[in-house]
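Take a look at the structure set out below.
The values are calculated or read from the model by the stated rules, or taken from the named source; none is laboratory data. Bear in mind that the values here come from a model prediction, so they are computed numbers and not experimental data. Here Cβ is always computed from backbone atoms with ideal geometry, including for glycine, and neighbour counts include all displayed protein chains. Accessible surface is based on the protein model in full, side chains and every heavy atom, while ligands, DNA and RNA are left aside. Shrake-Rupley method; radii C 1.70, N 1.55, O 1.52, S 1.80 Å.
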Amino acid sequence: MIKSIQIFALALALFMPQTLMAAEAPTISEAEGPIKIINLYELEKQASQKVNKGAFGYVEGGAEDEVTLRGNTLVFDKKQIIPDGLTGLEGVELKTRFLGLDLPSPIILAPMAAHGMVHKEADRATIRGTHKAGTIMSVSTYSSVLVDEIAQSAPEAPFFFQIYMSKDSGYNEFIVKRAKDAGARAIIITIDAGTPGNRESDLKNNYNYSSPTPNVMIYYEGQDMTQSQARALRKVGFSGEDIKFIKSVSGLPVLVKGIQSPEAAEEAIKAGADGIWVSNHGGRQLDGAPASFDMLPIIAKAVDKRVPIVFDSGVRRGTHVFKALASGADIVAIGRPALYGLILGGSEGVNDVFQHLNKELTTAMILAGTKDIEAVKQNRLFDPEK
Ligand SMILES: Cc1cc2nc3c(=O)[nH]c(=O)nc-3n(C[C@H](O)[C@H](O)[C@H](O)COP(=O)(O)O)c2cc1C
């Protein structure tokens, strides 16, 4: 009997620390403060240690074999910036204008769900961070906090609202009007997510993304509407009529996000889109789709400056921003890196990510001899394959 108690005590002593450690493992960040950034790849590694594996996998992962996810960043290496040592610039100007807004640099935040899965202050901290950086936050339909509350967290901060359109047009009208009343400056319609991509990291981690979706639930309040029922209402096929509808009920400029072909861009412009958002959702949807940067010049040629182009997917360096601008983008958006900043430093961390990219872009512009964003856009990249 005594012996078995001793064995039990020994087993307890051996396993207890791990059990306690597991219970104490960080699940959600509460960090707030400046962060040191070497580069955005290092930032990803640091952030992975601060939140639980499931939530991190949801943020970091891509669809299936992650070919498109990897390609999004690798593809920037195919084009090169020829340095112009003769120009000898001492300083450069990053500021630009987009949809009537003055911005200190051409880098904005892409819409993302999940802020509340990784940081206690969720989208509230993110918008304070984009405000500090002087840039635009894009608020997702699936933000963790109601759009009104995000707006109130940084009342002066410009933001766009992204809609996953529903089959229920009453909801669509309700939410874009609510976003407008909260202060949204534009509506982004995302067209590339009729169904979620097959992201295996969630399966591996047994992770079931089940955050509340306040921007959906508020409309169905009092009705018998579960979250999964609300998601099942998501609209799948799009036409120009949807763009016209959102424009007319919101009275705001409309950007169409998830454009990956010149034909889709053409259709969106014909329906009155005020901007084209070239994106493959950061490699999270169709694996095997082209890298977003590969499609950018083809789409830009078709758009032919009729409306501005926002570009995202895979941007991790100032030189990537440079190359996107030189390939037809007017504005570049970042996704995951901002969430890594949020995990590591809350609003300050988000600001630091933007400042870091601005710093890298500044260096690239000085070395390339491009004095401002217009000059970057005129720069002809070198393609050694051609
Ligand atoms: C965790 C996560 C959640 C996202 N949620 C949304 C969303 O709710 N709506 C949307 O239009 N795009 C969403 N996206 C896609 C981003 O807007 C953007 O296209 C993508 O992150 C850009 O790629 P990058 O992360 O390589 O910068 C999400 C991306 C991530 C990483």
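A few notes on this one:
- Checked against (1) of a type in the set (A, V, I, L, M); (2) under 19 Å from A333 (Cα atoms); (3) open to solvent by 10 Å² or more (accessible area, probe 1.4 Å), M137 passes all but condition (3).
- Scanning the range 96-126 for residues that are within 15 Å of the ligand (Cβ to nearest atom) and either among the β-branched types (V, I, T) or in a strand (DSSP E or B) (or both) returns I107, I108, L109, M112, V118, H119, T126.
- For the range 324-350, a residue qualifies if it is away from the ligand (no atom under 14 Å from the Cβ), buried (at least 24 other Cβ atoms within 10 Å of the Cβ) and hydrophobic (A, V, I, L, M, F, W, C), and the qualifying residues are L325, L344.
- Qualifying positions in the range 41-76 - assigned to a loop (DSSP other than H, G, I, E, B) and in contact with a helix residue (DSSP H, G or I) (Cβ under 7 Å, 6 or more places away or on another chain): K50, V51, G61, G62, A63, E64, E66
- Residue in the range 186-236 that is modelled with the highest pLDDT, counting only those that are in a helix (DSSP H, G or I) and farther than 21 Å from V118 by Cβ: A232
- Residues located in the range 193-202, provided they are charged (D, E, K, R) and buried (at least 20 other Cβ atoms within 10 Å of the Cβ): R199
- Filtered residue count, the range 98-113, keeping only those that are buried (at least 21 other Cβ atoms within 10 Å of the Cβ) and touching a helix residue (DSSP H, G or I) at 6+ places or on another chain (Cβ under 9 Å): 7
- One residue alone among V307, V321 is of a type in the set (V, I, T), under 26 Å from E93 (Cβ atoms), in contact (Cβ under 8 Å) with a residue 24 or more places away in the chain and open to solvent by 10 Å² or more (accessible area, probe 1.4 Å), and that residue is V307.
- Filtering the range 365-386 to residues that are crowded, with 21+ Cβ neighbours inside 10 Å and among the aliphatic types (A, V, I, L, M) leaves M365, A368, I373, V376.
- Near pairs, Cβ below 9 angstrom, 6+ apart or cross-chain, from the range 70-90 (within 30 Å of N280 (Cβ to Cβ)) to any residue that is exposed (fewer than 13 other Cβ atoms within 10 Å of the Cβ) and of a type in the set (S, T, N, Q): none
- For the residues A375, A364, A333, the requirement of being among the small types (G, A, S) and not in a helix (DSSP H, G or I) singles out A333.
- Among residues of the range 203-216 that are within 28 Å of S138 (Cα to Cα) and open to solvent by 90 Å² or more (accessible area, probe 1.4 Å), those with a beta-carbon under 9 Å from a residue that is not basic (K, R) and not in a loop (DSSP other than H, G, I, E, B) at least six positions away or on a different chain give the pairs N208/G54; N208/D202.
- Comparison of V92, V75, V59 shows that the only residue that is within 14 Å of the ligand (Cβ to nearest atom) and either more than 21 Å from V310 (Cα to Cα) or not β-branched (V, I, T) (or both) is V59.
- Residue pairs whose Cβ atoms lie under 8 Å apart, sitting 6 or more positions apart in sequence or on different chains, and linking a residue in the range 91-114 that is charged (D, E, K, R) to a partner that is part of a loop (DSSP other than H, G, I, E, B) and buried (at least 23 other Cβ atoms within 10 Å of the Cβ), are K95/S105.
Condition check ((1) under 15 Å from the mean Cα position of the chain (by Cα); (2) over 24 Å from A47 (Cβ atoms)) across all residues:
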position	(1), (2)
S313	yes, no
D330	no, yes
A333	yes, no
R336	yes, no
G345	no, no
N358	no, no
I373	no, yes
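- From A324, A291, residue being more than 15 Å from the chain's Cα centre (by Cα), of a type in the set (A, V, I, L, M, F, W, C) and closer than 19 Å to V256 by Cβ: A324
- The single condition among (1) within 10 Å of the ligand (Cβ to nearest atom); (2) in contact with a helix residue (DSSP H, G or I) (Cβ under 9 Å, 6 or more places away or on another chain) that W277 does not meet is (2).
- Here V118 clears all of (1) open to solvent by 30 Å² or more (accessible area, probe 1.4 Å); (2) touching a helix residue (DSSP H, G or I) at 6+ places or on another chain (Cβ under 6 Å); (3) among the β-branched types (V, I, T) except the condition numbered (1).
- Lone qualifier among A157, A125, A186, A179 - being surrounded by 22 or more Cβ atoms within 10 Å (Cβ to Cβ) and more than 17 Å from I246 (Cβ to Cβ): A125
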